[in-house]
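S.K.: Sharing a structure below in structure tokens format, with a few things to ask.
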Amino acid sequence: MAAVVDTLRAFFAPSTFVIDAENPGDVVARENLLDRAMGSGRRKKSSEKLRRGRVPAEGLALVARDVDGHAIGTVRLWDIEAGVTREGQAVPALLLGPLAVDPAHEGKGIGGMLMRAAIEEAANRGHGAILLVGDAAYYERFGFFAARTQHLVMPGPFERNRFLALELKEGWLEGAAGMLVASGRKLALPPVKRAA
């Protein structure tokens, strides 16, 4: 992660914002940012069904911070199985989302920087592919295309032309077909205290 951040700091003015690993102190700020950027309906999306009750993939929860250290952008990637091969083997992959930037900081390249950092870190960690549901015109510049998901489906309603993938390893999704399934670590909930 440090190499990714150093590379991106050299590309963008460090006095504006930096990319950093998300930490537990970012939870409230991230959720508030997502509500402002995406609205309350964000929890009803098909992608949310794959994230619910799970934690992001190891090392793949990133935030953009302003000069005061406040989270002004966020992106997370989640472990999933992208269908199965013809031989019936599950295809491990990542699901990206949500990507969001605080509306007060849009237009500064923060979303693009978060995307590049997330892709580079996923590749560095040996992942084979990243899938997402989003605006093709935006995500194609990062190498995401609908053709790579043509035999895959989301658990719930989704728009086929917005269901995109990027192969980090050539041919990773070749022959993959079927439903996306969550495979990441489950969120550990605190024990419930019972009344005596």
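Readers should treat all values here as calculations from the given coordinates under stated rules, not as data from a laboratory. Small disclaimer: the values here were computed from a predicted structure and weren't measured. Reconstructed Cβ throughout: ideal geometry from the backbone, glycine too, with neighbour counts over all protein chains shown.
S.K.: Every residue in region 83-105 that is exposed (fewer than 14 other Cβ atoms within 10 Å of the Cβ) and either within 18 Å of residue 122 (Cα to Cα) or not aliphatic (A, V, I, L, M) (or both), please. Spell out how you get there, then give the answer.
M.R.: Residues of region 83-105 that are exposed (fewer than 14 other Cβ atoms within 10 Å of the Cβ), as a first pass: 86-89, 103-104.
Answer for region 83-105, where residues must be exposed (fewer than 14 other Cβ atoms within 10 Å of the Cβ) and either within 18 Å of residue 122 (Cα to Cα) or not aliphatic (A, V, I, L, M) (or both): 86, 87, 88, 89, 103.
S.K.: In this structure, does residue 123 turn out to be surrounded by fewer than 23 Cβ atoms within 10 Å (Cβ to Cβ), under 20 Å from residue 35 (Cα atoms) and small (Gly, Ala, Ser)? Outline the logic, then answer.
M.R.: On the way: surrounded by fewer than 23 Cβ atoms within 10 Å (Cβ to Cβ): yes; under 20 Å from residue 35 (Cα atoms): no; small (Gly, Ala, Ser): yes.
In short, no.
S.K.: Moving on. So which residues in region 130-150 are aliphatic (A, V, I, L, M) and free of Cβ contacts under 8 Å to residues at least 12 places away in the same chain, if there are any at all? Full working, then the answer.
M.R.: Filtering region 130-150 down to residues aliphatic (A, V, I, L, M) leaves 130-133, 136-137, 146-147.
Those that are aliphatic (A, V, I, L, M) and free of Cβ contacts under 8 Å to residues at least 12 places away in the same chain: 137, 147.
S.K.: For residue 112, only one of the following conditions fails: (1) exposed (fewer than 15 other Cβ atoms within 10 Å of the Cβ); (2) free of Cβ contacts under 8 Å to residues at least 40 places away in the same chain. What is its number?
M.R.: Status for residue 112: all satisfied but (1).
S.K.: Looking at region 83-95, can you tell me whether even one residue there is of a type in the set (A, V, I, L, M) and farther than 23 Å from residue 152 by Cα? Reasoning before the result, please.
M.R.: Of all residues in region 83-95, those of a type in the set (A, V, I, L, M) come to 84, 90-91, 93-95.
Now restrict to residues that are farther than 23 Å from residue 152 by Cα: none.
Taking every residue of region 83-95 in turn, none turns out to be of a type in the set (A, V, I, L, M) and farther than 23 Å from residue 152 by Cα.
S.K.: Could you tell me whether residue 161 is more than 15 Å from residue 81 (Cα to Cα), surrounded by fewer than 16 Cβ atoms within 10 Å (Cβ to Cβ) and touching a residue at least 60 places away in the same chain (Cβ under 8 Å)?
M.R.: Taking the combined requirement at face value, the residue does not satisfy it.
S.K.: Another question about this same structure. Restricting to region 46-64, count the residues that are crowded, with 16+ Cβ neighbours inside 10 Å and either β-branched (Val, Ile, Thr) or closer than 19 Å to residue 118 by Cα (or both). Don't jump to the end; show me each part of the working.
M.R.: Within region 46-64, the first condition is being crowded, with 16+ Cβ neighbours inside 10 Å, and the residues that meet it are 46-47, 50-51, 54, 56-57, 60-64.
Within this subset, residues satisfying the condition of being either β-branched (Val, Ile, Thr) or closer than 19 Å to residue 118 by Cα (or both) are 47, 50-51, 54, 56-57, 60-64.
Count: 11.
S.K.: Next question. Checking residue 155 against (1) surrounded by 16 or more Cβ atoms within 10 Å (Cβ to Cβ); (2) at negative phi; (3) touching a helix residue (DSSP H, G or I) at 6+ places or on another chain (Cβ under 7 Å): exactly one of these is not met. Which one?
M.R.: Just one mismatch for residue 155, condition (1).
S.K.: Only residues in region 84-98 that are within 15 Å of residue 61 (Cα to Cα) count as the first member; pair them with residues that are assigned to a strand (DSSP E or B) and aromatic (Phe, Trp, Tyr), Cβ under 9 angstrom, at least 6 apart or cross-chain, and list the lot.
M.R.: Correct list of pairs: 94/78; 95/78; 96/78; 97/78.
S.K.: Looking only at region 126-139, count every residue that is surrounded by 14 or more Cβ atoms within 10 Å (Cβ to Cβ) and not in a loop (DSSP other than H, G, I, E, B) and tell me the total.
M.R.: Taking region 126-139 as the starting set, the residues that turn out to be surrounded by 14 or more Cβ atoms within 10 Å (Cβ to Cβ) are 127-134, 136, 138-139.
Applying the additional criterion that residues be not in a loop (DSSP other than H, G, I, E, B) yields 129-133, 136, 138-139.
Number satisfying all stated conditions: 8.
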